[in-house]
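Okay, structure first, notes after.
Nothing in this text is a laboratory measurement; each read-out follows from the coordinates by a stated rule. Here the structure is a predicted model, which is why all the values come from computation and not from measurement. Note that each Cβ is placed from the backbone with ideal geometry, even for glycine, and that neighbours are counted across all protein chains shown.
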Amino acid sequence: MLLPRGTNQSYSDAPYAKKLQHYVKEHLLVKSLHELTYQNNPNFVKMAQELGLPFQAHPEFKKADIEARQQLYQVICERIWAFDKPEEN
């Protein structure tokens, strides 16, 4: 998780389910873990669909959730670095 240092420290070792409710106050990448992000945020949902980014809410954060989140980060990185490549003629 990419959280500001103070924010993450304040949650300490609280269970994920307890932390999740606070994540909706953070930046969009963290906020995307919570289902509310997908309910009234049409610009975010549209952007994710158009870019083919596999965003999804994670009410729990078990091994399958971690793997899905890793896949999301990988796709984001691939999109970023794809823009850095010069176009071929």
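What to note about this one:
- Residue list for segment 46-58, restricted to those being assigned to a helix (DSSP H, G or I) and loosely packed, with under 11 Cβ neighbours inside 10 Å: Lys46, Gln49, Glu50
- Only a single criterion out of (1) more than 11 Å from the chain's Cα centre (by Cα); (2) assigned to a loop (DSSP other than H, G, I, E, B); (3) surrounded by fewer than 15 Cβ atoms within 10 Å (Cβ to Cβ) is not satisfied by Leu2, namely (1).
- Once segment 55-76 is narrowed to residues that are under 9 Å from the mean Cα position of the chain (by Cα) and not polar (S, T, N, Q), the residue that is farthest from Thr37 (Cα to Cα) is Tyr73.
- Subset of segment 1-53 [hydrophobic (A, V, I, L, M, F, W, C) and free of Cβ contacts under 8 Å to residues at least 24 places away in the same chain]: Ala14, Val24, Leu28, Leu36, Phe44, Val45, Met47, Ala48
- Test for Phe61: is it assigned to a helix (DSSP H, G or I), surrounded by 15 or more Cβ atoms within 10 Å (Cβ to Cβ), of a type outside the set (Lys, Arg) and touching a helix residue (DSSP H, G or I) at 6+ places or on another chain (Cβ under 9 Å): no
- In summary, Asn43 fulfils each of the numbered conditions (1) in a helix (DSSP H, G or I); (2) farther than 23 Å from Ala82 by Cα with the single exception of condition (2).
- Of all residues in segment 15-45, those satisfying the criterion of being touching a helix residue (DSSP H, G or I) at 6+ places or on another chain (Cβ under 9 Å), surrounded by fewer than 15 Cβ atoms within 10 Å (Cβ to Cβ) and aliphatic (A, V, I, L, M) are Val24, Leu28, Val45.
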